[in-house]
Amino acid sequence: MTFTILSRLNLRLQPSLRRSSVLLVAVGLGVTTFIPVSGTNSQMASASQKTQLISQRGKKVEITLVSYAVTKAAYEKIIPKFVAKWKREKGQDLVIRQSYGGSGSQTRAVIDGLDADVVALALALDTKKIEQAGLIQPGWEKEAPNSSIVTRSVVTIETREGNPKKIQGWSDLAKPGIKVITANPKTSGGARWNFLALWGAIAKNGGSEAQALDFVTKVYRNVPVLPKDAREASDAFYKKGQGDVLLNYENEVILAAKQGQTSPSYIVPQVNISIDGPVAVVDKNVDKKGTREVSEAFVKFLFTPEAQREFANVGFRPVNASVSKEVSNKFPKVSKLYNVQSLGGWNTIQKKFFDDGSIFDKIQGGRR
């Protein structure tokens, strides 16, 4: 049996383990054993309990991807490509289990025990919640390219076919008689992007915060119902015939049209927010299962041109520069594109706009 000294283990160990001395790995017999060079028996027991690593040297490995619903069409194309690549390079069969749903509900499921190796959610605030639960280590934003933002989209104004109300942009949504369908930002991540797009239409276009508040308040007076999530909002617009316009992700509109589900008329406003979807490895789970290497490789693959083209095919704006140039004619240019950082970041945004008693609650109080 041979012994190899690991300096970093290519694993992010718990802080208490980082403070221990070097570890030795016994390799052979298909089992990975950790032997501390120094440390008390209690530290050894703690290390054993915290890592619980299993061998990934077998013929098959499994990981779980947890994502939000609208990414499914892309991942169904991307995953087979990565599985084939892993087999070629590592000689190992890989199974990637997948779970899709609303970003908020997926976040709660992971925190409650859904054994995700990789999470790709609708907004960084959801990933932060998993971090705060102790499953993802701080600094995950720096672990992948592009600050770990793997998908990008913008908010569109989707109208009835032919645009009978002649909607041209954000300002029209505040006019009397225009019925706007959007979900509740207290319960829907997608609806938070919609709210921030409305706010930025004024605040990021030369207007004051007072003017932004007045505009957004007028728009929400035109919102007849507040479904709990984006899917229910789409159903209200298409299946129930409610509203004159639907606020929606650009990628959702493109994919629906591509699949023949709708033949929409829509506008991409020239002042818009960048809907940034992050990806992260769930550190506690991958270290417990011994799946860090394959999970990190999968995340890295998502930023390659091969994967980014698949995201673009289902309506996401690529984050890879070369692919972005390839498909530039497929996406309307946005003259003023801002992001959540320019609004103070998600912690500030949540407290200012969406916590109990915040701006959205005050707007809702004015509607009653």
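The values are calculated or read from the model by the stated rules, or taken from the named source; none is laboratory data. If you're wondering where the values come from, they're calculated on a predicted model, not measured in any experiment. Neighbour counts run over all protein chains shown; Cβ positions are idealised from the backbone, glycine included. Side chains included, ligands, DNA and RNA excluded: accessible areas come from the protein's heavy atoms. Shrake-Rupley method; radii C 1.70, N 1.55, O 1.52, S 1.80 Å.
Observations
- Residue, least open to solvent (accessible area, probe 1.4 Å), within segment 337-360, restricted to residues that are in contact (Cβ under 8 Å) with a residue 40 or more places away in the chain and more than 22 Å from the chain's Cα centre (by Cα): F360
- Filter pass, S342 being closer than 23 Å to I254 by Cα, assigned to a helix (DSSP H, G or I) and at pLDDT 95 or above: no
- Among residues of segment 242-261 being open to solvent by less than 50 Å² (accessible area, probe 1.4 Å) and part of a loop (DSSP other than H, G, I, E, B), the one that is farthest from F331 (Cα to Cα) is G243.
Residue-by-condition table, conditions (1) in contact with a Phe, Trp or Tyr (Cβ under 9 Å, 6 or more places away or on another chain); (2) at pLDDT 95 or above; (3) not aromatic (F, W, Y):
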residue: A210; (1), (2), (3): no, yes, yes
residue: K218; (1), (2), (3): no, yes, yes
residue: N222; (1), (2), (3): no, yes, yes
residue: V225; (1), (2), (3): no, no, yes
residue: K228; (1), (2), (3): no, no, yes
residue: F237; (1), (2), (3): no, no, no
residue: G243; (1), (2), (3): yes, yes, yes
residue: L246; (1), (2), (3): yes, yes, yes
residue: S263; (1), (2), (3): no, no, yes
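- Each residue in segment 286-308 was checked for being in a helix (DSSP H, G or I), open to solvent by 10 Å² or more (accessible area, probe 1.4 Å) and either at pLDDT below 95 or over 15 Å from I149 (Cα atoms) (or both), and 6 pass.
- Failed criterion for N272 (all others in (1) open to solvent by 50 Å² or more (accessible area, probe 1.4 Å); (2) in contact with a strand residue (DSSP E or B) (Cβ under 8 Å, 6 or more places away or on another chain) hold): (1)
- Single residue of E252, E293 found to be closer than 20 Å to K77 by Cα and acidic (D, E): E252
- Residue match in segment 325-334 (condition: more than 20 Å from the chain's Cα centre (by Cα), open to solvent by 20 Å² or more (accessible area, probe 1.4 Å) and over 21 Å from T156 (Cβ atoms)): yes
- Residue in segment 302-310 that is touching a residue at least 60 places away in the same chain (Cβ under 8 Å), aromatic (F, W, Y) and touching a Pro at 6+ places or on another chain (Cβ under 9 Å) present: yes
- Taken together, A233, A183, A191 contain a single residue that is in a loop (DSSP other than H, G, I, E, B), free of Cβ contacts under 8 Å to residues at least 60 places away in the same chain and buried (at least 22 other Cβ atoms within 10 Å of the Cβ), which is A183.
- Among the residues of segment 52-84, those that are open to solvent by 20 Å² or more (accessible area, probe 1.4 Å) and at pLDDT 90 or above comprise K60, E62, T64, K72, A73, E76, K77, P80, K81, V83, A84.
- Segment 95-105, subset open to solvent by less than 50 Å² (accessible area, probe 1.4 Å) and outside any strand (DSSP E or B), residue modelled with the lowest pLDDT: G102
- Going through (1) open to solvent by less than 60 Å² (accessible area, probe 1.4 Å); (2) within 18 Å of the chain's Cα centre (by Cα); (3) under 27 Å from N251 (Cβ atoms) one by one, D283 falls short only on (3).
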